[in-house]
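Encoded as structure tokens, the structure appears first; notes follow it.
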Amino acid sequence: MAVAIERIDMEVHEGQHPRLGAVDVIPFVPLGDSTMEECVELARGFGARIAARFDLPVFLYARAATRPDRVVLNDIRRPQYEGLKTEIALPGREPDFGPARMHPRAGATVVGARPFLIAWNVNLETADVEVPADREGRSRELGGLPRVQAKGFMIEEEGCSQVSMNLLDFEVTPLWRAWEAVGELAAAEGVAVRESELIGLAPLAAFTGVADHAGSVPDLPIEQRLAAAAAWLRLRDFEPTMALELRLAAAGG
């Protein structure tokens, strides 16, 4: 954070993704034997520390939120950096920690605790971005599915449109259900699904849930189960170490 605050000046920053500050969001995510309760405690303690150290406004979100209107990250981020400079001084908009004004270079930071987020895209056999587009911006649900954010984009280098998704809790809406929902919505527009791509990693349980849905035999070696899940999702450039636990094991974690 110290390096980011030193090197990034939000007054001259431009971009497409919603943001509030040089260090926009810091989620604490339980892995292994750690618990969500521990992550909430860490998030709140860390938020207080960085607010004091950097004289920075800090908002708490997700499971660490202390207010219902700050559970959803997009609700905090909505005014973006430029709008929050004015709104932060209004009653009810003050941060959880730190001053009720933006840092002159770094803006504000959001800290929280949440389940593992799966960033995942599905490409469609069309170049018409209106097919997957949500005309009101990134939505909170896809086809009525809870805990899914989705938005349509045109991917110039692929010559196709894309449904870009954040699965906020794969135990609520699994990968296979989101894949089927995209397929159903695309089919209603007369469009086929081409492939999917994972941005980063996904927990092993997310993949085995797809394998179960696809009819994979439960006692097969895990590599075969992962391959079955990847084939069912038409996952591009799949490697077994896309599963979080396998990547950690390979790294000695």
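Say whether the condition of being more than 27 Å from Leu60 (Cα to Cα), modelled with pLDDT under 95, hydroxyl-bearing (Ser, Thr, Tyr) and open to solvent by 20 Å² or more (accessible area, probe 1.4 Å) is met by at least one residue in region 153-163.
Within region 153-163, the first condition is being more than 27 Å from Leu60 (Cα to Cα), and the residues that meet it are 153-163.
Filter once more, so that each one left must be modelled with pLDDT under 95: 153-163.
Filter once more, so that each one left must be hydroxyl-bearing (Ser, Thr, Tyr): 161.
Narrowing further to those that are open to solvent by 20 Å² or more (accessible area, probe 1.4 Å): none.
No - not one qualifying residue is present in region 153-163.
With the requirement that a residue be open to solvent by 70 Å² or more (accessible area, probe 1.4 Å) and β-branched (Val, Ile, Thr), what does region 204-253 give you?
Val217
If you scan region 93-123, which residues turn out to be over 14 Å from the mean Cα position of the chain (by Cα), of a type in the set (A, V, I, L, M, F, W, C) and open to solvent by 10 Å² or more (accessible area, probe 1.4 Å)?
Phe97, Ala100, Met102 - these are the residues of region 93-123 that are over 14 Å from the mean Cα position of the chain (by Cα), of a type in the set (A, V, I, L, M, F, W, C) and open to solvent by 10 Å² or more (accessible area, probe 1.4 Å).
Being among the β-branched types (Val, Ile, Thr) and in contact (Cβ under 8 Å) with a residue 40 or more places away in the chain is the filter here; which residues of region 212-240 pass it? If you could, list the steps in order and put the result at the bottom.
First pass over region 212-240, keeping only residues among the β-branched types (Val, Ile, Thr): 217, 222.
Once the filter is applied, which keeps residues that are among the β-branched types (Val, Ile, Thr) and in contact (Cβ under 8 Å) with a residue 40 or more places away in the chain, region 212-240 yields nothing.
For region 52-92: of the residues being polar (S, T, N, Q) and exposed (fewer than 13 other Cβ atoms within 10 Å of the Cβ), which is farthest from Glu37 (Cα to Cα)? Before the answer, list the steps.
To start, the set of residues in region 52-92 that are polar (S, T, N, Q) comprises 66, 74, 80, 86.
Remaining after also requiring exposed (fewer than 13 other Cβ atoms within 10 Å of the Cβ): 66, 86.
On the way: Thr66: 14, Thr86: 34 Å.
Here the answer is Thr86.
The values are calculated or read from the model by the stated rules, or taken from the named source; none is laboratory data. On a predicted model such as this, the values are computed, not experimentally measured, just so you know. Because the Cβ atoms are built from the backbone with ideal geometry, glycine has one as well, and the counts that use them run over all protein chains shown. Heavy atoms of the whole protein, side chains included, go into the accessibility calculation; ligands, DNA and RNA do not. Shrake-Rupley method; radii C 1.70, N 1.55, O 1.52, S 1.80 Å.
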